[in-house]
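Report on the structure given below.
The values are calculated or read from the model by the stated rules, or taken from the named source; none is laboratory data. As the structure is a computational prediction, the values presented were derived from the model and not from experiment. Every residue, glycine among them, receives a Cβ derived from its backbone with ideal geometry; neighbour counts consider all protein chains shown.
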Amino acid sequence: MSASPYYRMVFMMCAGTGCIASGSLDVRDALQRELTKRNLQDEVQIIMTGCNGFCAMGPLVVVYPEGIFYNQVKPEHAPLIVEEHVLKGRIVEKLLFKEEAAKDRVPLMKDIGFFGLQRLIVLRNRGLIDAENIDDYIARDGYAALGKALEEMTPEEVIDEVKKSGLRGRGGGGFPTGLKWEECRRYSNFPKYTICNGDEGDPGAFMDRSVMEGDPHSVLEGMAISGYAIGAEQGYIYVRAEYPLAIQRLQKAIVDAREYGLLGKDILGKGFNFDIAIAPGAGAFVCGESTALMYSIEGKRGMPRIKPPRSAEAGLWNQPTNLNNVETFANLNPLILNGGEWFASIGTEGSKGTKVFALTGAVNNVGLVEVPMGTSLRSLVFDIGGGIPKKRKFKAAQMGGPSGGCIPTDLVDVEIDYESLLGAGAMMGSGGVVVMDEMTCMVDTARFFTNFSVDESCGKCTPCREGLKVMFDKLTDIVEGRGEEGDVEFLVELGHHINGTSHCGLGKSAANPVLSTIRYFRDEYDAHIRDKHCPALVCPDLIDFVVIDEKCKMCGLCYRNCPSSAIIWEKKKVARIDLEKCTKCRTCISNCRFGAIR
Amino acid sequence: MPKISIQDLKKIKEREKAKMVLREGQFRARITVHMGTCGIAAGAREIMSVFRDEIARRDILDVMLTNSGCAGLCAKEPMITVELADQSPVKYVKLDKDKALRIFDEHVVGGTPVEDYALARGSETMAT
């Protein structure tokens with residue numbers, strides 16, 4: 001029994017004298033009949049307004065929330081408007097006012113690849129709310145899911161709904177969230193805790209940052225729902241120290257929620273107590289690992305521990321603890337409001353819902369994209385990402401950061417879901433996608449990620465601590481021209497040892513960038529080792545810095561940009577590089593449009 | 001501030017929805033400056049000041065100026081969204097002070113979107 005129906009669309013119809021004279025009341029009646037016929041009368045509201053001013057084009061109908069202005073509407077247009085606009089969300093072009101030329105030439109969001117192909121669940125409020133205004137969040141159904149859970153559902157029913165949805169952990173692990181909550185609920189050792197992992201350590205990933213900065217309440221609401229489900233009254237958000245704006249917005253959100261009684265004691269008068277504290281990180285990637293994170297909150301050194309017991313049984317301060325990623329929590333409001341079945345209707349068989357990706361690297365539309373699971377990588381990079389800039393070609397996409405692998409051109413049609421990516425030797429990870437073109441060296445890339453893991457290893461396990469360093473040194477040898485026959489086989493064996501015998505997720509996946517690049521780009525490794533040449537022209541010691549006469553178009557760009565004046569060139573002459581002065585900075589290579597330097 | 005109930009949540013939602021729909025006559029236009037970390041890094045704070053100063057200088061009372069988080073297309077920041085009461089919202093990209101001033105003059109006050117700087121109009125697709 002609802003107090004007032006929630007209208008998702010409003011038709012503002014002009015009932016000024018002019019429009020009444022041209023029949024606006026008949027149009028209203030026709031629209032009302034059509035809506036009732038389709039049982040939409042509770043979703044679409046018709047409001048008669050005063051004179052709109054544009055009497056010559058009446059009857060007029062303005063449709064909100066889009067603000068679409070239909071003119072010269074007739075009663076016989078009613079079925080078309082209801083069918084197309086109300087049901088299918090498509091604007092009825094022929095009823096649009098045509099003379100405002102600018103309006104027509106600015107394309108619709110839906111028609112732009114970047115926005116049109118996205119489906120927002122996690123990012124549902126992006127660009128639409130002031131993150132520091134709790135009322136903006138409430139206006140878009142904020143906290144209604146918490147209200148529904150407290151008023152109409154038992155904790156077990158909430159868990160059931162999450163299980164039904166098929167939601168899997170969005171931090172990279174992909175563990176079914178419903179099962180995690182169910183296990184945590186089982187233990188009756190109080191107090192229990194629920195934690196939000198906002199550490200987001202992968203280089204190039206910023207999905208969680210955007211949610212924490214732009215929609216902090218969605219995280220708070222998700223955590224409160226998890227607290228209700230598992231029986232926890234205290235939540236912690238672990239935010240990496242490098243996100244000061246996120247920390248500030250979350251703090252304001254917590255203060256505002258407390259003021260409204262949406263956090264604290266007796267929330268919404270339903271007898272449920274729940275509060276949240278923020279625990280900032282201090283710059284350690286390994287603290288994104290759930291057990292290390294909990295030690296960090298306890299004030300101890302962030303090092304992962306042996307499991308069992310799993311954190312659901314004994315985690316923070318040895319109490320039953322649930323931990324989920326920011327994105328997982330942000331899914332909960334729509335999930336509870338629309339139901340687990342709705343959520344499960346999106347995505348693939350094994351991976352339900354949507355995923356937010358941070359699209360970066362050699363791609364035109366760098367940004368955050370949310371797509372249904374099962375979208376192809378090709379669609380992500382080309383249709384949404386707008387393709388590769390500077391007319392270069394796609395070479396690979398690194399997915400999953402330092403724990404992930406590359407997807408090469410041959411596999412670009414892979415459907416993005418947890419299992420397919422694992423099969424291709426990569427992983428979903430937290431959602432960072434780094435697009436690479438032919439000017440990227442895969443050996444150099446593998447070395448970059450290995451270096452990162454060397455720095456971030458906690459040091460407990462010898463394979464990770466020592467093995468990664470050995471791996472890094474060997475890769476350094478290769479890129480500096482000291483590679484030897486057998487090195488690749490050595491790296492593969494070492495990589496499998498590291499992955500197979502390290503204790504935590506960091507070590508277990510740290511060799512993936514190397515293993516994955518060797519799997520798909522073996523020829524590049526061979527070129528570095530046997531030919532002492534870097535085909536992508538990235539590794540300075542493996543570039544000759546010699547101009548290829550036949551390819552030189554004598555444009556002089558290299559000459560003009562060289563910071564060391566090491567290029568000799570005159571108009572209508574082929575350029576030459578003076579190796580005495582050359583510092584191997586590669587500015588000439590980056591500038592040359594004809595690939596004329598090797 | 002008294003604690004709210006589920007009924008209060010519904011009331012707040014109705015009240016805010018009315019404001020946002022821009023038909024109550026209170027606001028004629030809304031400018032949203034997108035200020036996630038990407039926007040701020042690209043110079044969104046400056047754009048915000050430009051609008052604030054213009055609104056003050058011209059003594060305008062019916063334009064809402066607000067901010068939001070990242071709008072998603074980080075490569076083209078600073079971005080703003082201009083929504084007039086009778087038009088679909090228009091997203092502008094890659095702005096600087098001069099472009100912002102022109103948009104304020106021609107679109108917010110004048111009513112005509114500035115095609116040159118506009119990326120798209122309308123709203124994003126929700127999965128619900």
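In the set (1) touching a residue at least 60 places away in the same chain (Cβ under 8 Å); (2) in a loop (DSSP other than H, G, I, E, B), the condition left unmet by A:Cys585 is number (1). Of all residue pairs spaced 6 or more apart or on separate chains, those with beta-carbon atoms under 6 Å, a first member in region A:443-457 that is touching a residue at least 12 places away in the same chain (Cβ under 8 Å) and a second member that is surrounded by fewer than 19 Cβ atoms within 10 Å (Cβ to Cβ) and in a helix (DSSP H, G or I) are A:Val454/A:Lys469; A:Ser457/A:Arg465. Could you list, in sequence order, all residues of region A:344-372 that are within 23 Å of A:Gly127 (Cβ to Cβ) and among the hydrophobic types (A, V, I, L, M, F, W, C)? Result: A:Ile346, A:Val356, A:Phe357, A:Ala358, A:Leu359, A:Val363, A:Val366, A:Leu368, A:Val369, A:Val371.
Tell me whether region A:104-119 contains one or more residues that are at pLDDT below 85, more than 7 Å from chain B (Cβ to nearest Cβ) and more than 29 Å from the chain's Cα centre (by Cα). Looking through region A:104-119, at least one residue is at pLDDT below 85, more than 7 Å from chain B (Cβ to nearest Cβ) and more than 29 Å from the chain's Cα centre (by Cα). Return yes or no: is A:Asp473 surrounded by fewer than 19 Cβ atoms within 10 Å (Cβ to Cβ) and free of Cβ contacts under 8 Å to residues at least 12 places away in the same chain? Yes: the conditions hold for A:Asp473.
Of the residues making up region A:397-411, those that are crowded, with 24+ Cβ neighbours inside 10 Å and out of contact with any Asp or Glu (no Cβ under 9 Å at 6 or more places or on another chain) are A:Ala397, A:Gln398, A:Met399, A:Gly405, A:Cys406, A:Ile407. Restrict the check to region A:450-458 and report whether at least one residue is aromatic (Phe, Trp, Tyr), in a helix (DSSP H, G or I) and closer than 30 Å to A:Arg593 by Cβ. For region A:450-458, residues aromatic (Phe, Trp, Tyr), in a helix (DSSP H, G or I) and closer than 30 Å to A:Arg593 by Cβ: absent.
The residues on offer are A:Arg586, A:Arg576, A:Arg593, and the sole one that is touching a Phe, Trp or Tyr at 6+ places or on another chain (Cβ under 8 Å) and more than 16 Å from A:Arg447 (Cα to Cα) is A:Arg576. Of the residues making up region A:139-183, those that are among the acidic types (Asp, Glu) and touching a helix residue (DSSP H, G or I) at 6+ places or on another chain (Cβ under 7 Å) are A:Asp141, A:Glu151, A:Glu161, A:Glu182. Flag set for A:Glu327, criterion: more than 10 Å from chain B (Cβ to nearest Cβ) and within 27 Å of A:Tyr238 (Cβ to Cβ). B:Ser123 meets all of the listed conditions (1) modelled with pLDDT of 90 or more; (2) more than 21 Å from A:Phe206 (Cα to Cα); (3) within 10 Å of chain A (Cβ to nearest Cβ) but one, namely (1).
The helices (runs of 4 or more DSSP H) located wholly in region A:129-214 that include 3 or more residues which are out of contact with any His (no Cβ under 9 Å at 6 or more places or on another chain) and closer than 21 Å to A:Ile278 by Cα occupy A:207-214. When we screen A:Gly89, A:Gly166 for residues that are among the small types (Gly, Ala, Ser) and farther than 30 Å from A:Asn39 by Cα, the only hit is A:Gly166.
You will find that of A:Ala224, A:Ala232, the residue that is modelled with pLDDT of 95 or more and touching a Leu at 6+ places or on another chain (Cβ under 8 Å) is A:Ala224 and no other.
The rows are residues; the columns are (1) within 30 Å of A:Cys458 (Cβ to Cβ); (2) of a type in the set (Lys, Arg).
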| residue | (1), (2) |
| --- | --- |
| A:Val488 | yes, no |
| A:Leu491 | yes, no |
| A:His496 | yes, no |
| A:Lys508 | yes, yes |
| A:Asn512 | yes, no |
| A:Ala527 | no, no |
| A:Leu542 | no, no |
| A:Val547 | no, no |
| A:Lys573 | no, yes |
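Listed by position, the helices (runs of 4 or more DSSP H) contained in region A:286-360 that have at least 3 residues being hydrophobic (A, V, I, L, M, F, W, C) and crowded, with 22+ Cβ neighbours inside 10 Å are A:290-297, A:326-330, A:332-338.
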